[in-house]
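What follows is a single structure, written as structure tokens, with notes after it.
The values are calculated or read from the model by the stated rules, or taken from the named source; none is laboratory data. As the structure is a prediction and not an experimental result, all values here were calculated from the model. Here Cβ is always computed from backbone atoms with ideal geometry, including for glycine, and neighbour counts include all displayed protein chains.
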């Protein structure tokens, strides 16, 4: 009796093809994890800048609370001088300029600049209510920053509004 040879030529290379498909699926999974990690790092950096902006605004509000009870003096001390130019001898905005020096000294936000089409100097407005013999002031602090990967005119913004009242 003659035995028939088995036809192994139909199966040749199937295991190699399965291995290549498995490597492809595994590689796509690894690439997805790398992309997820990069997105996570970017979002963590953005959250850090928002937290820093909040802490800087809260520090300025704390300085306003412990300042003298004279709200008109508070407005003069903490609003930026005209043109937001803090030079060595400013009469108004001295507390703002001292705070701005801290912000610019590295403990603050990145990309804080005074010039250009989209300046990023922090803005502080103190609205006295009522204007005659004020007993409270509404303070709005707006902080701007640019991350290193942002374009020249793009900027992030964080606004804090609070009420400061005079103890009677």
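Of all residues being over 20 Å from residue 103 (Cα atoms) and either out of contact with any helix residue (DSSP H, G or I) (no Cβ under 7 Å at 6 or more places or on another chain) or without any contact (Cβ under 8 Å) to a residue 40 or more places away in the chain (or both) in segment 153-167, which is surrounded by the fewest Cβ atoms within 10 Å (Cβ to Cβ)? Just the residue, please.
Result: 167.
Looking at this structure, is residue 45 modelled with pLDDT under 70, outside any strand (DSSP E or B) and over 22 Å from residue 163 (Cβ atoms)? Give the steps one after another, and end with the answer.
Numbers: modelled with pLDDT under 70: no; outside any strand (DSSP E or B): yes; over 22 Å from residue 163 (Cβ atoms): yes.
Judged against the criteria, residue 45 is not a match.
List the residue pairs whose Cβ atoms are under 7 Å apart, where the first residue sits in segment 31-60 and is touching a residue at least 60 places away in the same chain (Cβ under 8 Å), the second is in a helix (DSSP H, G or I) and surrounded by 12 or more Cβ atoms within 10 Å (Cβ to Cβ), and the two are 6 or more positions apart or on different chains.
56/103; 60/99
Checking residue 10 against (1) modelled with pLDDT of 80 or more; (2) exposed (fewer than 13 other Cβ atoms within 10 Å of the Cβ), which test does it fail?
Against the list (1) modelled with pLDDT of 80 or more; (2) exposed (fewer than 13 other Cβ atoms within 10 Å of the Cβ), residue 10 comes up short only on (1).
Has segment 48-68 got any residue that is at pLDDT below 85, surrounded by 12 or more Cβ atoms within 10 Å (Cβ to Cβ) and not in a helix (DSSP H, G or I)?
yes
Can you give me the ranges of the strands (runs of 3 or more DSSP E) entirely in segment 85-168 with at least 3 residues that are under 23 Å from residue 42 (Cβ atoms) and at pLDDT 70 or above? Let's see the steps before the verdict.
On the way: elements: 123-129, 136-145, 156-165.
Counting at least 3 such residues, we get 136-145, 156-165.
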